[in-house]
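The values are calculated or read from the model by the stated rules, or taken from the named source; none is laboratory data. This one's a predicted model, so the numbers in the text were calculated from it and none came from an experiment. With ideal geometry, Cβ positions are generated from the backbone for all residues, glycine too; neighbour counts draw on all protein chains shown.
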Amino acid sequence: MQMFSSSNLRQVVLSTLLLGAIFFSEDVQAQRKKKKTNTTASTSSDAPAKAAAAKNGIKAYTEVITAKANSKEGLFKVHEVEGKYYYEIPDSLIGREMLMVTTIAKTAEGIGYGGERTNTQMLRWDKRNDDKVILKLVSYKNTAADSLPIFQAVRNSNLEPIIYTFDVKAKSKEDDGVVIEVTDLFTKDVQAIGLPKNRRTEYKVTRLEPEKSYIENINTYPINIESRYVMTYAASEPPSNSSTGTITVELNSSMLLLPKTPMKQRLSDRRVGWFNTTVTDYGLDEQRATKRTYLDRWRLEVKEEDIEKFRAGELVEPKKPIIYYIDPATPDKWRPFLKQGVEDWNVAFEAAGFKNAIQAKDAPTPEEDPGWSAEDARYSVIRYFASDIQNAYGPHVSDPRSGEILESDIGWYHNVMNLLRNWYFIQTAAVNPDARSVKFKDDVMGRLIRFVSSHEVGHTLGLPHNFASSHAIPVDSLRSASFTNKYGTAPSIMDYARFNYVAQPEDEGVSLFPEVGVYDKYAIAWGYRPILDAVTPEDEQSELNEWITSKKGDPLYRYGRQGNSYDPSTQSEDLGDDAMKASGYGIKNLKRIMPNLMAWTAEEDKPYKDYSDLNEMYGQVLAQYNRYMGHVRTNVGGVYEVYRSSGDDENVYTHTDKKIQKEAVKFLNKELFATPTWLIDNTIIARTEDFGALERIRGIQVGTLDNLLDFGRLGRLIENEAINGKQAYTMLELFDDLRDGIWTELNAGKTIDVHRRSLQRAHLERLSVLMNDDEPKIPSQYRRYVGAQINASQSDIRPLVRGELKTLQRQVRAAIPRTSDRVSKLHLEDSLERISIMLDPK
């Protein structure tokens, strides 16, 4: 037998082991291939890919998404691994457009309120090479059809900004997507999803403090991902908690997948009020850059099997109804009323051809549906907030490509009930025993909740406020039971019509509430009724125009925008077509309420309570009275704005009639500038404040006077005279009428009371402003609310003011010797000195 040396033996052993390793490896690979399992195992063929991945820092899936991962299935898979968050983005969603809606979830005092939206933006996740994912901001403000040559030019002029760049950490387990870490997106200072710029400027924010910022949670659902995160900023002027030098807010960013195929647009018409989306469409056959505006509305479609029924005029159920869920946090006793407010709109959708188009449901319990969440974008929810904010709001999230409303969460603050109590008390208690207390019966409060619920749902359907609505109704019709029970207090619940303050005690059976009215039914039909044979939005326009012109001249179907400060027919919280008559009725009712305030704010079972309710309701009386003065004042220098089309061949803007303007000034002289002593009740004042009663009255008088002598109002009077001549109410006439009302005591040498002395000094001070100051410059974005601005120094304002001061100078000088009251005489001597200084400052 031959013997081997030790070195030879070592070689043989190593060769044998190596050969065995090769055979073993091939056997294992063969078994894996046969079983078709574990696609992450290495093969000789994927070695180059692994090498490239390693070079780019891309790890194996199981190295990133470890056994410690808390993973959730949804739009993207979301993984939380030891405090770090990862998105697993499938290739099918790379390049898809999404909407990111950022809201304040929780906030400190003075920094907005929970539920307030701070930003809405369109996003897209794109790949750059194999190792980077880019989050881009997408804009549809400039657009053109992708089939047109100009499409490329539009894209070249609208480079999409990059919000954030992510390293690919791993390929997905099935190699059909990528894994990225998103922790930094929500913990670093990414302004697009953080505190908005205006608040940073206001509070002088300098930086984000990362050690005080963190992710609360990220949840994923079938069509959306909800990210909740806390951000703390260093700020030199925080609105609250100033000792910390910081601002902390909890934000929520909702990322919502947009439909692959956008809904067909419906083009807007300003004669029908609607929330809308506006883009510049370079693809239109126009010789300029043209704006394209289309409605924000839900996708309500007729089922294929119901098309013939629909054509025949039969009501049909939509393919997918609008459903609102009631937040589980809502007190049980208010749920039925919130639901009724939602379903009140079915009568409007019937005008559009649909039945059961909108529904309200209780949110399912965890036992009924463990996966249901109010944050899931598949569900629209009336969210109930335990907050002392006196408000409710109705937003919606819409697809910027088409205007399709995708989801809406109505915000309902618990303390909105206090606001409703105050309105209903002050506006109806004179005729309505149900309103004569500080705590209403549940059915009364429930009816008020239903009203506000219905109003806010209207917003989520696409309807803005229609402030022209209430002006359509003659004032005396609001005292008719038959009329108000048919029409409510206004043709649209989207007006700020509130409750029937015109009704008098003898008007039995009159309705006190606004309802979903004739305008609402008309507007919903105009926006939602399908035009089945139309292929494009342009194909619909002829029929849509016919629907509008069929109502031409009927004020019940007029739309008037919110915020028009100079149109007497589009005012907030007014009723009827005559502000002087309506306000006169309102004042009569306030005079009935004032003597009863103490009794109606007391509670027999709480003899120990203080006078805070009395104080609050007295303040509400003054506030309501001030509203009446505002409604009247707007008629002076007023200009009506009634939207028309070019085919109507009628004016859009018309100056208020001279007779009405004179009536308005006469009303103010009588009801306000002649001291309203009935508002000064010592039994109330002595129980509610140590000082300030006179200031409250002075504030209303001076505020109204300053607004009457506003630069813009005087400018409209000047223009009215230039256009309409003697038919116009002129600035000189206004000055004469105000002087006769404010300085009445001069002719007879009467005693001038303390209120009138303050008012007369305020008049002189306002004239001084007109003589010496320019109108404050208003930013262009707010100009639409106040109209054009006047150049005071080059207008007729200063010559006419100088003439007014000279007239007052003569009259005051003549009145001093015949005035016997000492304080009144001293006041007139002081007034004369003030006038002299204004006329000759040297």
Practice problem: Search the stretch 802-825 for residues that are farther than 29 Å from N772 by Cα and pair each with any residue that is modelled with pLDDT of 95 or more and assigned to a loop (DSSP other than H, G, I, E, B) when their beta-carbon atoms are under 7 Å apart and the residues are at least 6 apart or on different chains. | Solution: D821/T751
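From the list L694, L705, exactly one residue is among the hydrophobic types (A, V, I, L, M, F, W, C), within 22 Å of Y628 (Cβ to Cβ) and crowded, with 20+ Cβ neighbours inside 10 Å. Which is it? If you could, list the steps in order and put the result at the bottom.
On the way: L694 fails: crowded, with 20+ Cβ neighbours inside 10 Å.
Of L694, L705, the one residue that is among the hydrophobic types (A, V, I, L, M, F, W, C), within 22 Å of Y628 (Cβ to Cβ) and crowded, with 20+ Cβ neighbours inside 10 Å is L705.
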Practice problem: Quick one: count up the residues across the stretch 642-688 that are part of a strand (DSSP E or B) and either surrounded by fewer than 18 Cβ atoms within 10 Å (Cβ to Cβ) or among the aliphatic types (A, V, I, L, M) (or both). | Solution: 2
Quiz item: Of all residues in the stretch 523-533, which are in contact (Cβ under 8 Å) with a residue 60 or more places away in the chain and not hydroxyl-bearing (S, T, Y)?
Solution: A523, I524, A525, W526, G527, R529, P530, L532
Quiz item: Which one of these is surrounded by fewer than 21 Cβ atoms within 10 Å (Cβ to Cβ), at pLDDT 95 or above and more than 32 Å from the chain's Cα centre (by Cα): I718, I700?
Solution: I718
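This table checks each residue for (1) under 19 Å from W334 (Cα atoms); (2) in a loop (DSSP other than H, G, I, E, B); (3) acidic (D, E); (4) in contact (Cβ under 8 Å) with a residue 12 or more places away in the chain.
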position: M445; (1), (2), (3), (4): yes, no, no, yes
position: D495; (1), (2), (3), (4): no, yes, yes, yes
position: E508; (1), (2), (3), (4): no, yes, yes, yes
position: K521; (1), (2), (3), (4): no, no, no, yes
Quiz prompt | T484, sole failed condition from (1) polar (S, T, N, Q); (2) surrounded by 21 or more Cβ atoms within 10 Å (Cβ to Cβ); (3) assigned to a loop (DSSP other than H, G, I, E, B) | solution = (3)
Quiz item: Has the stretch 329-346 got any residue that is among the small types (G, A, S) and crowded, with 21+ Cβ neighbours inside 10 Å?
Solution: yes
Exercise. Scan the stretch 632-653 and give yes if some residue there is under 28 Å from L597 (Cα atoms) and of a type in the set (V, I, T), otherwise no.
Key: yes
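Conditions tested, residue by residue: (1) polar (S, T, N, Q); (2) in contact with a strand residue (DSSP E or B) (Cβ under 7 Å, 6 or more places away or on another chain); (3) closer than 17 Å to N635 by Cα.
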position	(1), (2), (3)
D567	no, yes, yes
S572	yes, no, yes
G576	no, no, yes
M580	no, no, yes
Exercise. Select from the stretch 221-238 the residues that are crowded, with 22+ Cβ neighbours inside 10 Å and among the β-branched types (V, I, T) and list them in ascending order.
Key: I225
Quiz item: In this structure, does Y424 turn out to be crowded, with 20+ Cβ neighbours inside 10 Å, out of contact with any strand residue (DSSP E or B) (no Cβ under 9 Å at 6 or more places or on another chain) and not acidic (D, E)?
Solution: yes
Exercise. Filter the stretch 115-135 down to residues that are crowded, with 17+ Cβ neighbours inside 10 Å and either in contact with a Gly (Cβ under 8 Å, 6 or more places away or on another chain) or at positive phi (or both), then give me how many there are.
Key: 5
Practice problem: Using the structure shown, decide if T206 is of a type in the set (V, I, T) and either modelled with pLDDT under 90 or under 26 Å from the mean Cα position of the chain (by Cα) (or both). | Solution: no
Quiz prompt | Filter pass, D567 being in a loop (DSSP other than H, G, I, E, B) and over 20 Å from I700 (Cβ atoms) | solution = yes
Quiz item: What residue, of P817, P776, is within 30 Å of T570 (Cα to Cα) and not in a helix (DSSP H, G or I)?
Solution: P776
Quiz item: Restricting attention to the stretch 86-139, which residues are touching a Leu at 6+ places or on another chain (Cβ under 8 Å) and of a type in the set (G, A, S)?
Solution: A105
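Strands (runs of 3 or more DSSP E) wholly in the stretch 237-304 with at least 3 residues that are closer than 30 Å to D520 by Cα and at pLDDT 90 or above - which ones?
Passing ranges, in order: 290-295.
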Practice problem: Answer yes if at least one residue in the stretch 402-418 is modelled with pLDDT of 90 or more and closer than 20 Å to L622 by Cβ, and no otherwise. | Solution: yes
